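*Asks:* Mind looking over this structure? Questions follow.
The values are calculated or read from the model by the stated rules, or taken from the named source; none is laboratory data. Quick caveat, the model's predicted, so the values are computed rather than measured. Here the Cβ positions follow ideal geometry from the backbone for every residue, glycine too, while neighbour counts run over all protein chains shown. Side chains are part of the model used for accessible areas, which takes the heavy atoms of the whole protein and leaves out ligands, DNA and RNA. Shrake-Rupley method; radii C 1.70, N 1.55, O 1.52, S 1.80 Å.
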Amino acid sequence: MDVTEAIRARRSTRAFKEEPVPEEAVEAILDAARYAPSAENSQHWRFILVRDPEARGFMADLCEHRAKATFGQIPFELEQERLWYMPPEIRPDILERSASGDVFRYAEEADVAIVCCYSHAHQDVPIHNTSYESVVAGISMAIQNMWLTAHKLGLGAGFLVMPGLTDPRIEELTEEYFGLPRSWRVFGVLCIGHPREKRGLAPSRFPLESIVYTERWGMPYLRRALRDLEGS
């Protein structure tokens, strides 16, 4: 599969079949993370491979709890703006499912759960990076490598941020459960398995000229097709 095709065709999977993922596929996915770029080549990521049903159920419980606290307290009028790409008539149902927490329990359905950990101290530069900077610089790229590899292998993947950068109390529970050293933190969980159903179309994307500027902010990027029209 062409890498550009994989990027455009990838979807979030939140419903999985009761079918094991072959060990060779799991290893190929994990191996892809090693080749992700990272700032100063610090490679400040560690992963815990979890297939134990009890541990996956523990993560599902935490995610459901956090989703109720997060989405259950946000006014509908404020939150529905985030769903601009969905028809207005289905937004209440989507938000109701989010507030119940049920939609975030898919860690227990997935055959494989990869707990993604990072450290902002695991580097040779004598500066302190915030957790966000560390995540953007390294572990997000490693997660994307694994996600695209899973998609290329015909598997589905969905990422749960709830057990990670959300609530210090949940972070403590997760880190204690999996025995993390104090210098490492949980960012989230990548859930992998065989998709139960074919995913639909991706959410609408912003036009290229609305997210890319030429030379300075506010000067829209002009696509080649439009440039050709102007020149004709």
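*Asks:* Within the chain, what's the longest run with no chymotrypsin sites (Phe, Trp or Tyr not before Pro) in a DSSP loop and at most 11 other beta-carbon atoms within 10 Å? Give the range, please.
*Replies:* 86-216
*Asks:* Can I ask one more? Comparing MET146, MET162, MET86, which has the greatest mean-square fluctuation in the GNM of the chain with Cα pairs linked when under 10 Å apart?
*Replies:* With Cα springs under 10 Å in the chain, the top fluctuation among MET146, MET162, MET86 is at MET86.
*Asks:* First check a/c for segment 172-232, with a ≥ b ≥ c the square roots of the eigenvalues of its C-alpha gyration tensor; if it is under 1.5, answer rounded, and if not, answer prolate when a/b is larger than b/c or oblate otherwise. Provide the component values of the computation, followed by the final result.
*Replies:* Values: a/c = 5.47, a/b = 2.05, b/c = 2.67.
Oblate, since a/c reaches 1.5 and b/c is not below a/b.
*Asks:* Can you sort ARG105, ARG196, ARG223, ARG169 by solvent-accessible area, 1.4 Å probe, largest first?
*Replies:* Numbers: ARG105 45, ARG196 125, ARG223 100, ARG169 165 Å².
So, going from the largest accessible area down, we get ARG169, ARG196, ARG223, ARG105.
*Asks:* At a 1.4 Å probe, what is the % contribution of carbon and sulfur to the accessible area of the chain? Let's see the in-between values first.
*Replies:* Working: 7600 of 14200 Å².
Here it works out to 54 percent.
*Asks:* Is it possible to state the helix-based mean residue ellipticity at 222 nm for the chain, with each DSSP H run of 4+ residues giving -39500 (n - 2.57), the sum divided by total residues, to the nearest 500 deg cm²/dmol? What is it?
*Replies:* Taken over the chain, the calculation gives -11000 deg cm²/dmol.
*Asks:* Within the chain, what's the longest run with no GluC sites (Glu not before Pro) in a DSSP loop and at most 11 other beta-carbon atoms within 10 Å? Give the range, please.
*Replies:* Working: sites that count: GLU18, GLU197, GLU215.
With GluC sites (Glu not before Pro) excluded where exposed in loops, the chain gives 19-196 as its longest stretch.
*Asks:* First select every other residue whose beta carbon is under 10 angstrom from the beta carbon of PHE58; then total the charges, Lys and Arg +1, Asp and Glu -1.
*Replies:* Taking every Cβ under 10 Å from that of PHE58, the sum is -3.
*Asks:* Once each part is reduced to its C-alpha centroid, what is the distance from segment 143-183 to segment 3-19 in angstrom?
*Replies:* Here the two parts' Cα centres lie 17 Å apart.
*Asks:* On to the next question. How are the alpha carbon pair distances in segment 24-106 distributed across 10 Å bins from zero to the largest one, expressed in percent?
*Replies:* P(r) for segment 24-106, in whole percents per bin: 15, 28, 24, 30, 4.
*Asks:* Can you give the accessible area per residue of the chain, in Å², using a 1.4 Å probe?
*Replies:* Details: 14200 Å² over 232 residues.
I get 61 Å² per residue for this part.
*Asks:* On a straight-distance basis, which lysines could pair with LYS68 in a cross-link, Cα separation under 24 angstrom, same-chain partners fewer than 8 positions away excluded?
*Replies:* Partners within reach: none.
*Asks:* Additional query: Let me check I've understood the local charge: for ALA25, count other residues with C-beta under 15 angstrom from its C-beta, Lys and Arg +1, Asp and Glu -1. What total comes out? Don't jump to the answer; show the numbers that get you there.
*Replies:* Numbers: positive: LYS17, ARG51, LYS152; negative: GLU19, GLU23, GLU24, GLU27, ASP31, ASP111.
My count for the surroundings of ALA25 gives -3.
*Asks:* Kindly provide the pair-distance distribution of the chain built from C-alpha pairs, with 5 Å bins from 0 and whole-percent values in order of increasing distance.
*Replies:* Spelled out bin by bin, the chain gives 1, 6, 12, 14, 16, 17, 14, 10, 5, 3, 1, 0, 0 percent.
*Asks:* Also, quick follow-up: Within the set of other residues whose C-beta is less than 12 Å from the C-beta of VAL161, count the net charge using Lys and Arg as +1 and Asp and Glu as -1. Provide the component values of the computation, followed by the final result.
*Replies:* Numbers: positive: ARG66; negative: ASP167, GLU171.
Once all neighbours under 12 Å are counted, the net charge is -1.
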